[in-house]
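The values are calculated or read from the model by the stated rules, or taken from the named source; none is laboratory data. For clarity, every value in this text was computed on a predicted model and none was experimentally measured. No Cβ is skipped: glycine too gets one built from the backbone with ideal geometry, and neighbour counts run over all protein chains shown. Areas reflect the complete protein model, heavy atoms only, side chains present, ligands, DNA and RNA absent. Shrake-Rupley method; radii C 1.70, N 1.55, O 1.52, S 1.80 Å.
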Amino acid sequence: MNAPNTLTQLAKASLVDVCGRAVKSLRISVTDRCNLRCTYCLPAGSAGFNQSEDLLSFDDIVRVVRVACRLGVDHVRLTGGEPLVRAGLPELVARLKTETPVREVALTTNGVLLERNVPALASAKLDRLTVSVDSLQPDRFRAITCLGSIDDVWRGVRAAAEAGLHPLKINVLVLRGVNDDEIDAWVELTRDHDLAIRFLELMPVGEGGSAELARRYVDLTEVRRRLERDFGLTPIETRMGNGPARYWKVPRALGVVGFITPISDAYCDKCSRFRLTATGDLRPCLAHELSVPLREAIRAGDDEAIEAGFRQAGALKPAGHAWRQGGLTQIRMSSIGG
Ligand code: SF4
């Protein structure tokens, strides 16, 4: 099939889901393995990881992204598990930037392996970097991750800043009675640091749906209102990438504060993303166990079948999640990269 070249053909080719939302972003989990064991995601003793032969190869991922770009996707985010445990990850970034027309390639990492990978990621022309860090306190960081050292993460963040990987986003999952007493300290950090500190609400996905963790949920819309009072936080019109975060700023601060509120202030009506698991299942919505298996088509080099798979996923995509009504999502967050 010839690539579309007229606007009409392009519009016809662009993928719009059954609710009329254009699909612009593809989150690709390159592995379900991780070098940390965060208690709310992949508790200690977790097993049942994918075998390497079942994972999509870099050739496979480049092929899928080429087809996705034909359908209007222009933003790819590489996730995991922990994507930097996948050998040669910076090479995949470079290949996506040079062998596909994708406009932006982003990465979400826990930062533990970041410092040693920064030079290769920078020369691969990575566009956006997000580091997940749930505490500023070394002991608490260790308690949450079971394995990690916060010093490794901050060395990685500093190296990324020095290499010009900007904007630098930090994701903080807020958990009641675990780290919610650090919210003000994170906001204070934005005064003198050009960082985008983003607070995330716990989603009932995988481990996150357990009764124990459900008690840890914090309504971040309420938190934001308090920060508006206490810090004079004001909303700013800035979009950093394709994500759902909305940003505020402390007056005269270098950095910004973002809020990702899938429960208290959902954004499904504007959702423009699909997810691809490390084994090639295309998932139109994080919250629903619906997926279209693409690996066979990918391994067969059948671009038309891959395209048909994307269109099928678009036709299947629900209007939104049912988490506020008590809906739970079974898949492990580490299998789908958040
Ligand atoms: S729950 Fe589904 S529809 Fe809603 S924002 Fe997430 S992926 Fe999009």
Within the stretch 312-326, considering residues that are open to solvent by 30 Å² or more (accessible area, probe 1.4 Å) and in contact with a Pro (Cβ under 8 Å, 6 or more places away or on another chain), the one nearest to the ligand (Cβ to nearest atom)
His321
Being open to solvent by 50 Å² or more (accessible area, probe 1.4 Å) and either more than 16 Å from the ligand (Cβ to nearest atom) or at positive phi (or both): is that true of Arg215 here?
yes
Restricting the stretch 278-311 to residues that are touching a helix residue (DSSP H, G or I) at 6+ places or on another chain (Cβ under 6 Å) and either open to solvent by 50 Å² or more (accessible area, probe 1.4 Å) or hydroxyl-bearing (Ser, Thr, Tyr) (or both), the residue that is farthest from the ligand (Cβ to nearest atom):
Thr279
Identify, please: which residue in the stretch 255-269 is out of contact with any helix residue (DSSP H, G or I) (no Cβ under 9 Å at 6 or more places or on another chain) and more than 8 Å from the ligand (Cβ to nearest atom) and is, among those, most open to solvent (accessible area, probe 1.4 Å)?
Asp269
Within the stretch 204-223, take every residue that is touching a Lys or Arg at 6+ places or on another chain (Cβ under 9 Å) and among the charged types (D, E, K, R) and give me the one that is modelled with the lowest pLDDT.
Glu207
From the list Glu182, Glu207, exactly one residue is open to solvent by less than 20 Å² (accessible area, probe 1.4 Å) and away from the ligand (no atom under 16 Å from the Cβ). Which is it?
Glu182
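Going through Arg252, Arg273, Arg224 one at a time, which residue ends up being open to solvent by 30 Å² or more (accessible area, probe 1.4 Å) and within 12 Å of the ligand (Cβ to nearest atom)? Full working, then the answer.
Details: Arg252 fails: within 12 Å of the ligand (Cβ to nearest atom); Arg224 fails: within 12 Å of the ligand (Cβ to nearest atom).
Just one listed residue meets the conditions, Arg273.
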